[in-house]
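Note sheet for the following structure.
The numbers here are math on the coordinates, done by the rules we state, and not lab data. Predicted, not measured: the structure shown is a model, and the values here were computed from it. Every residue, glycine as well, gets a Cβ built from its backbone with ideal geometry; the counts of neighbours run over all protein chains shown.
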């Protein structure tokens with residue numbers, strides 16, 4: 001259940017790939033043809049990112065990405081998938097730090113604790129695994 005919630009929290013809506021959603025307005029910083037190509041790259045990146053969050057099996061994901069996107073765009077989809085796996089990895093490490101400290105993510109009526117305050121420790125823990133082989 002926690003993994004499903006984490007994946008849902010990390011998902012990025014496909015509409016976030018448009019220049020207008022990114023705050024550039026209708027005109028954007030470039031002509032319509034260039035804007036369309038850049039938006040397509042962003043759409044493919046986000047599709048790969050979101051598919052990676054939804055798909056647990058890497059071989060299945062790779063086959064899905066190769067089948068869904070042409071040779072020109074498939075690399076962007078794999079980049080999105082890589083970012084999703086990196087985000088899942090970092091978030092899992094941060095949650096482990098919080099669990100190790102005995103902290104709760106939700107405390108009664110209070111808001112969710114600030115995971116950002118533990119981010120430096122999460123990164124340090126990841127870069128310097130324990131001698132017993134755990135992260």
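What to note about this one:
- In this rough spin-label picture, where each label sits 7 Å from Cα along the Cβ direction, the residue 70-residue 11 distance is 2.9 nm.
- Extended-chain gain in nm, criterion 0.36 nm per residue less alpha-carbon gap, residue 63 and residue 38: 6.6 nm
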